[in-house]
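Take a look at the structure below.
The values are calculated or read from the model by the stated rules, or taken from the named source; none is laboratory data. For clarity, every value in this text was computed on a predicted model and none was experimentally measured. Virtual Cβ from ideal backbone geometry, glycine too; neighbours counted across all protein chains shown. For the accessible areas, the whole protein counts, side chains as well, though only heavy atoms, and no ligand, DNA or RNA atoms are used. Shrake-Rupley method; radii C 1.70, N 1.55, O 1.52, S 1.80 Å.
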Amino acid sequence: MRLGVLDVGSNTVHLLLLDAHAGAHPIPAFSHKVELHLSQLTDADGSILPSGIERLGEVVAHALRVAEDKGAEDLIAFATSAVREAANGDKVLEAVREETGVNLQVLPGPDEARLTFLAVRRWFGWSAGRLLVLDIGGGSLEIAAGLDEMPDVSVSLPLGAARLTHDRLNGDPPGPDQLRELRKYVRHEVAKEVSKVARAGRPDRVVITSKTFRQLARIAGAAPSAQGLYAPRSLRARDLTEWLPRLSQMSSAQRAGLPGVSPGRAGQLLAGAVVADAAFDLFGVEAADLCPWALREGVILRHLDTLVS
């Protein structure tokens, strides 16, 4: 069957079409992305602005037409932290439903972590042993750890790269005092979860996912996307330590000139690097492998698991 998955994230609305059936490897057939940056279209009270709601409806309606044109038999649509944590999230969901007929399912943060963990487990298999999985999104940081297909620990923290940039960094580049306060805040929040994650056991393999980690790995020397999905890619803690002060002195335009960094995300790469550096340090990670599968694939795999072959 051809399955469509619509992911309304903090940065991007991403439609992914796959040819899949239960027990088989999902084969990507078509991808359509719009950089909406929904998490930035908010007022002081944390509500998504009317212009943001209108634009989201337009983007979802277009994605629905694309899915139909490409032969999708079914569409799974979900939203993450930008809608989940908006003060008017219910109003946003209702507006999208009335305009498009699409019923967006809002994923709780821990579910994001669990589904991302499932995707990583399926990608690397049982031979990877006990996993620690880290994912930096636009609105949140997901942490999951365990030995099985579902993690023993799943945590979601409000430490997304877009959120932190919007809320805590001004200037291009931001000043050293802002960066110091951001680092202090991020490490305080991550440190609260260290003992909980440690109780899941020492990981045999640490895995990272998401666009932020992909960009950080790429500027640190990982293989470019042109080398294909199966090229091994990793990120070392010492590379983060070296790159963080360099990124802090660059403007967004300069970061956009780095390999693998898109102009639309260059502004939030510094905040993402602060989160990555804190997570690696506090969880004692020396190096992590990059997984090409993440939340979307986890949603797909869980859906396929429910089908009768």
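Restricting region 292-303 to residues that are out of contact with any Asp or Glu (no Cβ under 9 Å at 6 or more places or on another chain) and under 21 Å from Ser10 (Cβ atoms) leaves a set whose member that is least open to solvent (accessible area, probe 1.4 Å) is Ile300.
Could you tell me how many of the residues in region 151-160 are within 22 Å of Ala82 (Cα to Cα) and open to solvent by 20 Å² or more (accessible area, probe 1.4 Å)? Quick ask: steps written out before the conclusion?
Going residue by residue through region 151-160, those that are within 22 Å of Ala82 (Cα to Cα) are 154-160.
Going one step further and asking which of them are open to solvent by 20 Å² or more (accessible area, probe 1.4 Å), we end up with 154, 156, 158.
Residues flagged as within 22 Å of Ala82 (Cα to Cα) and open to solvent by 20 Å² or more (accessible area, probe 1.4 Å) within region 151-160 amount to 3.
In the set (1) in contact (Cβ under 8 Å) with a residue 60 or more places away in the chain; (2) open to solvent by less than 30 Å² (accessible area, probe 1.4 Å); (3) over 15 Å from the mean Cα position of the chain (by Cα), Ser81 fails one condition alone, (3). Among the conditions (1) under 30 Å from Leu270 (Cβ atoms); (2) modelled with pLDDT of 95 or more, Asn103 misses just one, which is (1). Collect the residues in region 161-187 that are polar (S, T, N, Q) and either buried (at least 16 other Cβ atoms within 10 Å of the Cβ) or under 14 Å from Ala276 (Cα atoms) (or both), keeping them in residue-number order. Across region 161-187, the qualifying residue is only Thr165. Of the strands (runs of 3 or more DSSP E) contained entirely in region 1-68, those carrying at least 1 residues that are open to solvent by less than 10 Å² (accessible area, probe 1.4 Å) and either basic (Lys, Arg) or at pLDDT below 95 (or both) fall at 2-8, 12-19.
Helices (runs of 4 or more DSSP H) fully within region 81-153 that include at least 2 residues being touching a Lys or Arg at 6+ places or on another chain (Cβ under 9 Å): 81-84, 109-124. Just name the residue that is nearest to the chain's Cα centre (by Cα) out of those in region 84-104 that are open to solvent by less than 20 Å² (accessible area, probe 1.4 Å) and under 16 Å from Leu49 (Cβ atoms). It comes out as Ala86.
What do you reckon, is Pro263 touching a helix residue (DSSP H, G or I) at 6+ places or on another chain (Cβ under 6 Å) and modelled with pLDDT of 95 or more? Judged against the criteria, Pro263 is not a match.
Under the condition of being in contact (Cβ under 8 Å) with a residue 40 or more places away in the chain and over 18 Å from the mean Cα position of the chain (by Cα), which residue from region 65-78 is nearest to Gly160 (Cα to Cα)? Talk me through it step by step, then tell me what you get.
Taking region 65-78 first, the residues in contact (Cβ under 8 Å) with a residue 40 or more places away in the chain are 66-67, 70-78.
Then keep just the ones that are over 18 Å from the mean Cα position of the chain (by Cα); that gives 66-67, 70-75.
Numbers: Val66: 29, Ala67: 28, Lys70: 32, Gly71: 34, Ala72: 31, Glu73: 33, Asp74: 30, Leu75: 26 Å.
Here the answer is Leu75.
Would you check which residues across region 105-124 are more than 16 Å from the chain's Cα centre (by Cα) and open to solvent by 20 Å² or more (accessible area, probe 1.4 Å) and list them?
Going through region 105-124, the residues more than 16 Å from the chain's Cα centre (by Cα) turn out to be 105, 121-124.
Within region 105-124, Gln105, Arg122, Trp123, Phe124 qualify.
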